[in-house]
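Engineer: Take a look at the following structure, please.
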Amino acid sequence: MTPPAGDRDPAHTPVRVLLCDDHAVVRAGLLALLSSAPGIEVIGEAGDGEEAVALAAALRPDVVLMDLQLGSGIDGIEATRRIAGLPEREAEREVECEAGREVECADGRDDGREAGRADGRDNGRDAAGRGAAGRGAAGRGAPHVLVLTTYDTDADINRAIEAGATGYLLKAERPEELFSAIRAAAAGRSTLSAPVAHRVLAQMRSPRPGLTDRELDILGQLARGLSNREIARALFISEATVKTHLGRIYDKLGVDTRAGAVSVAKEQRLLP
């Protein structure tokens, strides 16, 4: 059983990991794989986004290994955003507890502890040391989220990073790369799979142009669920023109489906 964070030696403390994937077989495989890695300990499993957020708040892992597509409920992006925004509740409780002990000492109700300091045992200093260790562990903030997915579109990468993901790894990576990424994430360092890093750099070097007014019009019709023929009729253009504009919209948003275009457009507030 893992000891409380405040009682463990950071130099010998394993990285505590929470798994989130909606496929039980995948979770079982990851659990078996990570069990073989020194210095890494899986402390919980979640099959959907809501469960991942709840377990992250309750268990306070160092790293949450997060898939993006999670079936029903919130997806991995929204779960990442909520986990990244978790308050430091444990740190606040520790500070309050320390303050309570100081009050007890001040009004004389902690005579035994005062006597311990007087006779050289320095219990108060020991307690302060334990309190500082507890605050150090609990005060690290929200767990770090390391995305582990098969999806590497620009839209998915951008949304995950904007949501607060520390790293973005593809499931095709070698086990050693996964172990290294988990340890890096626990230390707050970013890790990207090589293809992901390539996409990010490409975006930085050649940012996509914004959507034209006509493309925004078509995107709005797309969000209403209209077919190409219906969009053409609504905007008094040909279906071939609609298809041409859709191709450009997909390229600019980094997606390859109608649903993906609408999702990214909403995320980037391109739609009213």
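The values are calculated or read from the model by the stated rules, or taken from the named source; none is laboratory data. Here the structure is a predicted model, which means the values were calculated and not measured. Cβ: placed from backbone, ideal geometry, glycine included. Neighbour counts: every protein chain shown. Protein only, heavy atoms only, side chains kept; ligands, DNA and RNA dropped before computing areas. Shrake-Rupley method; radii C 1.70, N 1.55, O 1.52, S 1.80 Å.
Engineer: Only one residue in LEU211, LEU219 is part of a loop (DSSP other than H, G, I, E, B) and under 36 Å from the mean Cα position of the chain (by Cα). Which one?
Structural biologist: From the options LEU211, LEU219, the qualifying one is LEU211.
Engineer: Can you tell me which of (1) at pLDDT 95 or above; (2) among the β-branched types (Val, Ile, Thr); (3) within 21 Å of ALA181 (Cβ to Cβ) is the one VAL25 doesn't meet?
Structural biologist: All conditions are met except number (3).
Engineer: Across segment 233-266, what is the total count of residues that are open to solvent by 40 Å² or more (accessible area, probe 1.4 Å), within 16 Å of TYR151 (Cα to Cα) and either modelled with pLDDT of 95 or more or of a type in the set (Gly, Ala, Ser) (or both)?
Structural biologist: So the answer is 2.
Engineer: Go through (1) open to solvent by 60 Å² or more (accessible area, probe 1.4 Å); (2) modelled with pLDDT of 70 or more one by one and return the number of the condition ALA79 breaks.
Structural biologist: (1)
Engineer: Still on this model: Go through (1) open to solvent by 40 Å² or more (accessible area, probe 1.4 Å); (2) on the phi < 0 side of the Ramachandran plot; (3) assigned to a loop (DSSP other than H, G, I, E, B); (4) not polar (S, T, N, Q) for GLU230 and report which single condition fails.
Structural biologist: GLU230 satisfies every listed condition except (3).
Engineer: So which residues in segment 207-245 are farther than 11 Å from ARG258 by Cα and in contact (Cβ under 8 Å) with a residue 40 or more places away in the chain?
Structural biologist: Within segment 207-245, ARG208, PRO209, GLY210, LEU211, LEU216, GLY220 meet the criteria.
Engineer: Determine, yes or no, whether ALA165 is part of a helix (DSSP H, G or I) and open to solvent by less than 40 Å² (accessible area, probe 1.4 Å).
Structural biologist: no
Engineer: Got at least one residue in segment 139-161 being within 21 Å of ALA54 (Cα to Cα) and charged (D, E, K, R)?
Structural biologist: yes
Yes or no, residue by residue, for (1) farther than 21 Å from ILE157 by Cα; (2) small (Gly, Ala, Ser):
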| residue | (1), (2) |
| --- | --- |
| GLY44 | yes, yes |
| ALA52 | no, yes |
| PRO61 | yes, no |
| LEU70 | no, no |
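Engineer: Just one of (1) in contact with a helix residue (DSSP H, G or I) (Cβ under 9 Å, 6 or more places away or on another chain); (2) at pLDDT below 90; (3) of a type in the set (D, E, K, R); (4) not in a helix (DSSP H, G or I) trips up ARG269, so point out which.
Structural biologist: That leaves (1) as the condition not met.
Engineer: Do you know which residues across segment 168-199 are over 17 Å from VAL17 (Cβ atoms), more than 18 Å from the chain's Cα centre (by Cα) and surrounded by 15 or more Cβ atoms within 10 Å (Cβ to Cβ)?
Structural biologist: ARG199, the sole residue that qualifies.
Engineer: Applying the selection to segment 195-208, what residues are at pLDDT below 90 and either part of a loop (DSSP other than H, G, I, E, B) or touching an Asp or Glu at 6+ places or on another chain (Cβ under 9 Å) (or both)?
Structural biologist: Residues satisfying the conditions are ARG199, VAL200, ALA202, GLN203, SER206, PRO207, ARG208.
Engineer: Looking at (1) touching a helix residue (DSSP H, G or I) at 6+ places or on another chain (Cβ under 6 Å); (2) free of Cβ contacts under 8 Å to residues at least 40 places away in the same chain, can you tell me which one THR257 breaks?
Structural biologist: (1)
Engineer: Across segment 53-76, what is the number of residues that are of a type in the set (A, V, I, L, M) and either touching a residue at least 60 places away in the same chain (Cβ under 8 Å) or crowded, with 22+ Cβ neighbours inside 10 Å (or both)?
Structural biologist: Summing the residues that are of a type in the set (A, V, I, L, M) and either touching a residue at least 60 places away in the same chain (Cβ under 8 Å) or crowded, with 22+ Cβ neighbours inside 10 Å (or both) in segment 53-76 gives 8.
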